[in-house]
Amino acid sequence: MLCFIHAEIYKLKKSKSFYSCVVAAAAFALLMYSMLLLADNIQKGKLENGTGGVIVSMNNEEISSSSTSIWDTVHIMDLMQQIFAGDVLGCIISIFISIFVIREFASGMLKNIVGKGGSRSSIYLAKLFVAILAAILIAMSGAAATLITGRLLIGADAFANGLLKKLPAYIGLQMLSIAAISSIFVFVGEISRTMAAGISFGICTAALPALLLNILDMQFTDSPISPSEFWPLTRMSQCTLDGISTGYVTQTLLIALFWIVLTTGLGIWHFHHTDIK
């Protein structure tokens, strides 16, 4: 098992797709800040309203200039939640995991490993472990870019109100959900086994279930239970810095364990009972 993990980590270090996805997650954070910086310059009258397709308005009326900085109204946690709340991070992780899992099916390397007596369970678990590790690093690159850029642009006020004390619990909960959704992407990749299908199904898995479950929530408006709360990506978007309680942590942990155990069990079973071509 450890030999397989070491091998997967070596492949991860040599993976160009991994580094590309790390950069993409960080670039997404920088893109949000660049739009806010552009809006700030427009609001201060340094740029014409509408520059870069950005229109700054107040009470539905365009403004020409203002002495107020947009950074006075932006909190760094708003941007941090955008990193974890949207479909962008989920799609980035799904694309990487699809490539990471499927490329050995396409190259025939996995068939050789199994043919030499490698345990299919150990191969799957090693791949899952390293895929989760990679997904966490990709997400952390976006979070780190958000914090560092926020400190530079917003200043010391970016970490006001005890942000640094509350942040570890928030990040920890998000990592639990990322581990859960990563196990789902590994399972989807193992079933697909072709690059085009795996990436397509992975992106659909990242984007569509949350939308469908939000529609299903309408049927449970009078119920204390919302189906979307049990989907990892929706859980990520609903997590707030001030809404973390013991009950919420327990629920998130149980939901993450449920998806990890379910998809890992199904993935190992399918891997054992399907021929590798």
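The values are calculated or read from the model by the stated rules, or taken from the named source; none is laboratory data. Please read all numbers here as calculations on a predicted model, not as lab measurements. Heads up, the Cβs are rebuilt from the backbone with ideal geometry, glycines too, and the neighbour counts pull from every protein chain shown. These accessible areas exclude ligands, DNA and RNA; they are computed on the full protein's heavy atoms, side chains included. Shrake-Rupley method; radii C 1.70, N 1.55, O 1.52, S 1.80 Å.
Within the range 1-31, if we keep just the residues that are in contact with a Ser or Thr (Cβ under 8 Å, 6 or more places away or on another chain), open to solvent by 30 Å² or more (accessible area, probe 1.4 Å) and part of a helix (DSSP H, G or I), the residue that is nearest to Ser121 (Cα to Cα) turns out to be Phe4. Taking (1) surrounded by fewer than 21 Cβ atoms within 10 Å (Cβ to Cβ); (2) assigned to a helix (DSSP H, G or I) in turn, Pro224 satisfies each apart from (2).
Taking only the range 202-221 into account, find how many residues are of a type outside the set (A, V, I, L, M) and either loosely packed, with under 12 Cβ neighbours inside 10 Å or not in a helix (DSSP H, G or I) (or both).
Keep residues of the range 202-221 that are of a type outside the set (A, V, I, L, M), which gives 202, 204-205, 209, 214, 217, 219-221.
Restricting the remaining residues to those that are either loosely packed, with under 12 Cβ neighbours inside 10 Å or not in a helix (DSSP H, G or I) (or both) gives 219, 221.
Qualifying residue count for the region: 2.
Please work out if Ile244 is surrounded by 16 or more Cβ atoms within 10 Å (Cβ to Cβ) and outside any helix (DSSP H, G or I).
Working: surrounded by 16 or more Cβ atoms within 10 Å (Cβ to Cβ): yes; outside any helix (DSSP H, G or I): yes.
When the stated conditions are applied, Ile244 passes them.
All but one of (1) open to solvent by 30 Å² or more (accessible area, probe 1.4 Å); (2) assigned to a helix (DSSP H, G or I) hold for Asn161, so report the exception by its number. Among (1) open to solvent by 30 Å² or more (accessible area, probe 1.4 Å); (2) assigned to a helix (DSSP H, G or I), the lone unmet condition for Asn161 is (2).
For Thr194, the conditions (1) at pLDDT 90 or above; (2) within 27 Å of Phe105 (Cβ to Cβ) are fulfilled apart from (1).
This table checks each residue for (1) open to solvent by less than 10 Å² (accessible area, probe 1.4 Å); (2) under 19 Å from Leu266 (Cβ atoms); (3) in a helix (DSSP H, G or I); (4) of a type outside the set (Phe, Trp, Tyr).
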site: Gly118; (1), (2), (3), (4): no, no, no, yes
site: Leu133; (1), (2), (3), (4): no, no, yes, yes
site: Gly150; (1), (2), (3), (4): yes, no, yes, yes
site: Lys166; (1), (2), (3), (4): no, no, yes, yes
site: Ile171; (1), (2), (3), (4): no, no, yes, yes
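Quick one: is Asp78 modelled with pLDDT under 90, under 20 Å from Ala26 (Cα atoms) and of a type in the set (D, E, K, R)? In short, yes.
The requirement of being in a loop (DSSP other than H, G, I, E, B), open to solvent by less than 60 Å² (accessible area, probe 1.4 Å) and more than 30 Å from Val114 (Cα to Cα) is fulfilled nowhere in the range 254-261; no residue meets it.
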